1. Can you classify segment 241-290 as rounded, prolate or oblate using the Cα gyration tensor, where a ≥ b ≥ c are the square roots of its eigenvalues, rounded means a/c under 1.5, and otherwise it's prolate if a/b beats b/c and oblate if not?
2. Probe 1.4 Å, all protein chains in place: accessible area of T85 in Å², nearest 10?
3. Near the amide H of V214, under 5 Å away, which other amide H atoms are found, from residues 5 or more places off or on another chain, if H is placed in the peptide plane?
4. Write out the trypsin sites (Lys or Arg not before Pro) in segment 263-340 meeting two conditions: DSSP loop, and at most 12 other Cβ atoms within 10 Å of their Cβ.
5. List the residues, sorted by chain then number, that are 5 or more residues from D62 or on another chain and whose placed amide H is less than 5 Å from its amide H.
6. Please give the solvent-accessible surface of K376 in Å², to the nearest 10, using a probe radius of 1.4 Å with every protein chain present.
7. So what J values fall out for segment 95-110 if you push phi through Karplus, 6.51 cos²θ - 1.76 cosθ + 1.60 with θ = phi - 60°, rounded to Hz, Gly and Pro as x?
8. Each residue of segment 243-255 in turn: what ³J(HN,Hα) in whole Hz from Karplus with 6.51, -1.76, 1.60 and θ = phi - 60°, glycine and Pro shown as x?
Amino acid sequence: AEDEEKAQVPSFCYRAPPPLTLQKPIMVATKKDDKKAEKKDENKEAEDEEKKEAEKKILKRDVVVHPIVLLSVVDHYSRVAKGTTKRVVGTLLGEVDDFKLHITNAFAVPFEEDPRDPQVWFLDHNFHEQMFSMFKKVNQKERVVGWYTTGPKIKPSDIAIHELYRRYCPEPVMIVMDVLPKEEGLPMEAYYSIQEETADQVFKRTFMHVESTVGASEPEEVGVEHLLRDIKNASASTLAVRVGDKISALKALTVRLKDISVYLNAVVAGKLPLNKEIIYQLQEIFNLLPDQDSEELVRSFAMETNDMMLALYLGGMLRSTVALHNLINNKIKNKKLKDQKGDDAKKAKEDKKDGDKKDDKDDDKSKEDKKDGDKKDDKDDDKSK
């Protein structure tokens with residue numbers, strides 16, 4: 001074929017050689033493009049993974065429990081399991097607001113478990129579905145966000161119950177409520193479930209603790225204030241209540257410090273693994289503490305203490321002066337009342353004496369009149385004789 005083409009082409013014509021030199025650059029260019037495409041794909045995959053991780057982080061939101069939920073849990077426990085070792089289980093309803101999960105309502109669910117075998121339990125999910133359909137008619141915004149239990153600690157069957165609630169919510173939250181708290185502080189803990197790697201390359205579910213607080217809307221705040229007004233001791237003064245609150249807060253702080261000390265000792269002894277997040281948070285707490293060895297801080301504390309003691313001293317002096325003034329006034333008033341009573345008694349005695357003298361005079365006059373009458377009678381009798 002090549003001989004025929006050469007025969008057809010005239011001898012004066014220039015035949016360009018085949019573009020062999022262009023093949024290698026083209027191949028190099030395609031490799032660069034492939035590398036760029038691979039890098040783009042890797043970047044996209046990394047971005048997708050970051051987005052997924054961010055979504056997962058967003059799903060693990062901080063939990064805000066409203067007062068009506070606490071009252072519902074306590075009422076459920078009082079009706080069903082008070083005085084026993086049983087625990088109660090219920091469904092939590094709420095919504096996401098301000099990037100936080102607000103648990104605004106709850107209802108009880110029939111639940112039974114075998115005390116001997118914790119893996120044997122029964123939860124009436126049909127009742128749960130019926131109740132949620134009725135709650136949904138009242139408030140469309142509320143949805144199933146998790147469940148609660150009165151543990152007061154996590155039990156082995158909680159993972160299985162948590163997986164049951166994953167049918168109704170992709171990432172349910174579990175609230176462990178202590179209805180009979182023995183320590184100061186919030187009687188609840190919030191948990192999400194996460195996948196944890198194991199040695200046999202099988203993922204298993206475990207609970208991860210998240211921050212939980214108690215919050216209330218304006219109408220709920222009004223209701224809570226009325227409840228506290230009924231519970232509050234009316235005989236206690238405002239200062240006594242404030243001092244009691246400070247003492248309770250200090251007791252709660254002492255308990256937390258003991259927990260931190262126990263954890264750090266266990267980590268040093270090798271009984272617990274090192275958790276970097278907890279260590280970072282503890283370091284941040286210690287960084288926020290003031291430098292107590294600073295002369296400026298010591299001077300400022302001394303000035304503040306002196307000012308406070310001066311105010312207390314002046315207040316004590318004023319109270320003593322007012323008390324002495326009131327004592328003097330009371331003595332003067334009592335003396336006046338005593339003198340007035342003495343004058344009244346003297347006047348009464350004088351009036352009584354005057355009355356007695358007047359009565360004596362009247363008696364004497366009546367006696368004289370009687371004598372005169374007798375004499376006159378005697379005279380009349382003599383004349384008649």
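1. Working: a/c = 3.88, a/b = 1.89, b/c = 2.05.
Verdict is oblate for segment 241-290.
2. 140 Å²
3. When sequence neighbours closer than 5 places are left aside, the close amide H contacts are V65.
4. On the way: sites: K271, K276, R299, R319, K331, K333, K335, K336, K338; in loops: K271.
When the trypsin sites (Lys or Arg not before Pro) of segment 263-340 are filtered for loop state and at most 12 Cβ neighbours within 10 Å, K271 remain.
5. Those lying under 5 Å, H to H, from D62 are L101.
6. 130 Å²
7. Result, ordered by residue: 7, 9, 8, 6, 6, 10, 8, 9, 8, 9, 7, 7, 8, 6, 10, x Hz.
8. Residue by residue, segment 243-255 yields 5, x, 5, 5, 5, 4, 5, 5, 5, 5, 4, 4, 5 Hz.
The values are calculated or read from the model by the stated rules, or taken from the named source; none is laboratory data. All figures in this text were calculated on a predicted structure; none of them were measured in a lab. Glycine gets a Cβ as well: all are built from the backbone with ideal geometry, and neighbour counts include every protein chain shown. Heads up: the accessible areas ignore ligands, DNA and RNA and are worked out on the full protein's heavy atoms, side chains in. Shrake-Rupley method; radii C 1.70, N 1.55, O 1.52, S 1.80 Å.
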